[in-house]
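Single-structure report; data block below.
The values are calculated or read from the model by the stated rules, or taken from the named source; none is laboratory data. Remember, it's a predicted structure, so these values are computed and weren't measured experimentally. Because the Cβ atoms are built from the backbone with ideal geometry, glycine has one as well, and the counts that use them run over all protein chains shown. These accessible areas exclude ligands, DNA and RNA; they are computed on the full protein's heavy atoms, side chains included. Shrake-Rupley method; radii C 1.70, N 1.55, O 1.52, S 1.80 Å.
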Amino acid sequence: MNTKKIVITGGPGTGKTSIINDLKNKKFHCFDEIIRSLTLEAKKEDDTSNHISNPIAFVNNPNEFNTRLIKGRISQFIEANTVNKDFIFFDRGIPDVLAYMDFFNQEYDDFFLDSCKNHRYTNVFILPPWELIYKSDNERFETFEEAVKIHTALENIYKKLGYNLIDVPFNTIENRTGFILNTLNM
(Lines give C-alpha, C1' and ligand atoms only; values in the text may rest on other atoms or scores of the structure.)
Protein backbone atom coordinates (compact mmCIF):
# COMPACT_ATOMS: atom_id res chain seq x y z
CA MET A 1 0.00 0.00 0.00
CA ASN A 2 1.25 3.47 -0.87
CA THR A 3 0.17 5.26 2.30
CA LYS A 4 0.25 9.06 2.18
CA LYS A 5 1.97 10.53 5.23
CA ILE A 6 0.56 13.96 6.04
CA VAL A 7 2.11 16.40 8.55
CA ILE A 8 0.09 19.03 10.36
CA THR A 9 2.60 21.57 11.69
CA GLY A 10 2.87 25.15 12.85
CA GLY A 11 4.01 27.10 15.85
CA PRO A 12 2.59 26.42 19.27
CA GLY A 13 -1.06 27.23 19.87
CA THR A 14 -2.17 27.28 16.23
CA GLY A 15 -4.80 24.53 16.45
CA LYS A 16 -2.80 21.51 15.24
CA THR A 17 -3.96 19.17 17.96
CA SER A 18 -7.59 20.25 17.57
CA ILE A 19 -7.39 19.35 13.89
CA ILE A 20 -5.72 16.02 14.68
CA ASN A 21 -8.51 15.27 17.17
CA ASP A 22 -11.12 16.15 14.54
CA LEU A 23 -9.40 13.83 12.07
CA LYS A 24 -9.44 11.05 14.70
CA ASN A 25 -13.17 11.65 15.20
CA LYS A 26 -13.54 11.18 11.43
CA LYS A 27 -11.79 7.79 11.84
CA PHE A 28 -8.44 8.76 10.28
CA HIS A 29 -5.29 7.24 11.71
CA CYS A 30 -3.28 9.96 13.48
CA PHE A 31 -0.04 10.10 15.44
CA ASP A 32 -0.07 12.48 18.39
CA GLU A 33 2.57 15.06 19.24
CA ILE A 34 5.10 13.41 21.53
CA ILE A 35 6.93 16.43 22.93
CA ARG A 36 4.30 17.11 25.60
CA SER A 37 5.08 13.86 27.40
CA LEU A 38 8.82 14.47 27.05
CA THR A 39 8.40 18.04 28.35
CA LEU A 40 6.46 16.81 31.37
CA GLU A 41 9.26 14.34 32.10
CA ALA A 42 11.85 17.10 31.68
CA LYS A 43 10.00 19.43 34.04
CA LYS A 44 10.36 16.85 36.79
CA GLU A 45 14.14 17.24 36.51
CA ASP A 46 14.31 20.98 37.22
CA ASP A 47 12.71 24.00 38.91
CA THR A 48 10.00 25.43 36.66
CA SER A 49 8.99 28.38 38.81
CA ASN A 50 10.41 30.90 36.31
CA HIS A 51 9.06 31.47 32.80
CA ILE A 52 11.29 29.65 30.36
CA SER A 53 10.06 29.16 26.81
CA ASN A 54 12.47 26.36 25.96
CA PRO A 55 11.58 22.94 27.40
CA ILE A 56 15.21 22.03 26.73
CA ALA A 57 16.05 24.29 29.67
CA PHE A 58 14.55 21.65 31.96
CA VAL A 59 16.92 18.89 30.92
CA ASN A 60 20.49 18.19 31.83
CA ASN A 61 21.43 17.19 28.29
CA PRO A 62 19.59 19.10 25.50
CA ASN A 63 21.15 17.00 22.74
CA GLU A 64 19.93 13.81 24.40
CA PHE A 65 16.41 15.30 24.72
CA ASN A 66 16.37 16.28 21.02
CA THR A 67 17.74 12.87 20.05
CA ARG A 68 14.95 11.16 22.03
CA LEU A 69 12.41 13.45 20.39
CA ILE A 70 13.59 12.84 16.83
CA LYS A 71 13.86 9.08 17.45
CA GLY A 72 10.28 9.13 18.74
CA ARG A 73 9.11 10.86 15.59
CA ILE A 74 11.08 8.41 13.44
CA SER A 75 9.38 5.54 15.31
CA GLN A 76 6.00 7.06 14.45
CA PHE A 77 7.04 7.38 10.80
CA ILE A 78 8.18 3.74 10.67
CA GLU A 79 5.07 2.53 12.50
CA ALA A 80 2.96 4.32 9.87
CA ASN A 81 4.39 1.88 7.32
CA THR A 82 2.56 -0.95 9.10
CA VAL A 83 -0.85 0.77 9.12
CA ASN A 84 -3.19 -0.31 6.35
CA LYS A 85 -4.68 3.13 5.57
CA ASP A 86 -4.51 5.42 2.55
CA PHE A 87 -3.76 8.51 4.65
CA ILE A 88 -1.98 8.90 7.98
CA PHE A 89 -1.70 12.21 9.80
CA PHE A 90 1.08 13.38 12.13
CA ASP A 91 0.84 16.12 14.76
CA ARG A 92 4.25 17.57 13.82
CA GLY A 93 6.94 15.93 11.71
CA ILE A 94 10.58 15.01 12.06
CA PRO A 95 11.80 18.39 10.65
CA ASP A 96 10.00 20.20 13.49
CA VAL A 97 12.83 19.08 15.80
CA LEU A 98 15.38 20.91 13.65
CA ALA A 99 13.17 24.00 13.43
CA TYR A 100 13.03 24.25 17.21
CA MET A 101 16.77 23.65 17.45
CA ASP A 102 17.28 26.47 14.95
CA PHE A 103 14.96 28.72 16.94
CA PHE A 104 16.93 28.05 20.13
CA ASN A 105 20.31 28.33 18.36
CA GLN A 106 21.22 24.72 19.07
CA GLU A 107 23.62 22.93 16.80
CA TYR A 108 22.80 19.61 15.22
CA ASP A 109 24.85 17.09 13.31
CA ASP A 110 24.23 14.97 10.22
CA PHE A 111 22.14 12.49 12.22
CA PHE A 112 19.39 15.10 12.53
CA LEU A 113 19.56 16.21 8.89
CA ASP A 114 19.78 12.64 7.60
CA SER A 115 16.76 11.70 9.73
CA CYS A 116 14.73 14.32 7.87
CA LYS A 117 16.10 13.41 4.44
CA ASN A 118 15.56 9.67 4.92
CA HIS A 119 11.97 9.95 6.21
CA ARG A 120 9.95 12.03 3.75
CA TYR A 121 6.32 13.00 4.14
CA THR A 122 3.86 13.24 1.27
CA ASN A 123 2.32 16.59 2.24
CA VAL A 124 2.94 19.23 4.88
CA PHE A 125 0.15 21.54 6.06
CA ILE A 126 1.24 24.51 8.15
CA LEU A 127 -1.00 26.51 10.43
CA PRO A 128 -0.09 30.19 10.83
CA PRO A 129 0.18 31.93 14.21
CA TRP A 130 -3.29 32.98 15.36
CA GLU A 131 -3.24 35.34 18.32
CA LEU A 132 -7.01 35.05 18.86
CA ILE A 133 -6.78 31.37 19.86
CA TYR A 134 -3.27 31.41 21.37
CA LYS A 135 -2.85 30.53 25.05
CA SER A 136 -0.07 29.13 27.19
CA ASP A 137 -0.51 26.06 29.38
CA ASN A 138 1.55 23.70 31.53
CA GLU A 139 3.46 22.34 28.52
CA ARG A 140 3.36 25.40 26.23
CA PHE A 141 5.75 28.02 27.54
CA GLU A 142 6.20 30.30 24.53
CA THR A 143 4.82 33.81 24.27
CA PHE A 144 2.82 34.62 21.16
CA GLU A 145 5.81 36.56 19.79
CA GLU A 146 7.99 33.48 20.23
CA ALA A 147 5.32 31.36 18.54
CA VAL A 148 5.54 33.65 15.48
CA LYS A 149 9.31 33.17 15.35
CA ILE A 150 8.93 29.40 15.69
CA HIS A 151 6.50 29.47 12.77
CA THR A 152 9.19 31.16 10.68
CA ALA A 153 11.76 28.56 11.77
CA LEU A 154 9.34 25.80 10.73
CA GLU A 155 8.77 27.38 7.32
CA ASN A 156 12.51 27.77 6.81
CA ILE A 157 13.49 24.18 7.66
CA TYR A 158 10.69 22.53 5.68
CA LYS A 159 11.49 24.68 2.65
CA LYS A 160 15.21 23.97 3.07
CA LEU A 161 14.34 20.25 2.97
CA GLY A 162 12.41 20.72 -0.28
CA TYR A 163 8.82 20.65 0.94
CA ASN A 164 6.03 22.72 -0.56
CA LEU A 165 4.07 23.93 2.44
CA ILE A 166 0.30 24.22 2.26
CA ASP A 167 -1.02 27.09 4.39
CA VAL A 168 -4.19 26.28 6.34
CA PRO A 169 -6.42 29.37 6.58
CA PHE A 170 -7.97 30.66 9.81
CA ASN A 171 -11.41 29.17 10.31
CA THR A 172 -13.33 26.77 12.53
CA ILE A 173 -11.75 23.42 13.35
CA GLU A 174 -14.22 21.65 11.08
CA ASN A 175 -13.55 24.02 8.17
CA ARG A 176 -9.80 23.78 8.62
CA THR A 177 -10.04 19.98 8.64
CA GLY A 178 -12.29 20.22 5.59
CA PHE A 179 -9.71 22.38 3.82
CA ILE A 180 -7.02 19.75 4.46
CA LEU A 181 -9.21 16.87 3.29
CA ASN A 182 -10.37 18.79 0.19
CA THR A 183 -6.78 19.65 -0.67
CA LEU A 184 -5.98 15.93 -0.46
CA ASN A 185 -8.97 15.18 -2.74
CA MET A 186 -10.77 13.21 -0.05
Given H placed on each backbone N at 1.01 Å, which residues far from CYS30 in sequence or on other chains put an amide H within less than 5 Å of it? PHE89
Checked against a 20 Å limit on the C-alpha separation, the offending pairs among LYS5/LYS85; LYS4/LYS117; LYS24/LYS117 are LYS24/LYS117
Alpha carbon centre of the range 104-124 versus the range 147-168: separation in Å? 13
Tabulate in residue order the Karplus-calculated ³J(HN,Hα) for the range 77-84, using 6.51 cos²θ - 1.76 cosθ + 1.60 with θ = phi - 60°, rounded to whole Hz; enter x for Gly and Pro. 4, 5, 4, 4, 5, 9, 8, 8
What distance in nm separates the two pseudo spin-label positions at LYS26 and LEU113, each 7 Å out from Cα along the beta-carbon direction? 3.7
Ordering TYR121, TYR100 by the accessible surface of their heavy atoms, 1.4 Å probe, largest first, yields TYR100, TYR121
Mind listing the long-range amide H neighbours of LYS4? Cut-off is under 5 Å, sequence gap 5 or more, other chains count too, H placed in the peptide plane at 1.01 Å from N. PHE87, ILE88
The range 161-177 - phi-based ³J(HN,Hα) in whole Hz, Karplus 6.51/-1.76/1.60, Gly and Pro as x: 8, x, 8, 9, 7, 10, 6, 9, x, 4, 4, 5, 4, 4, 5, 5, 4
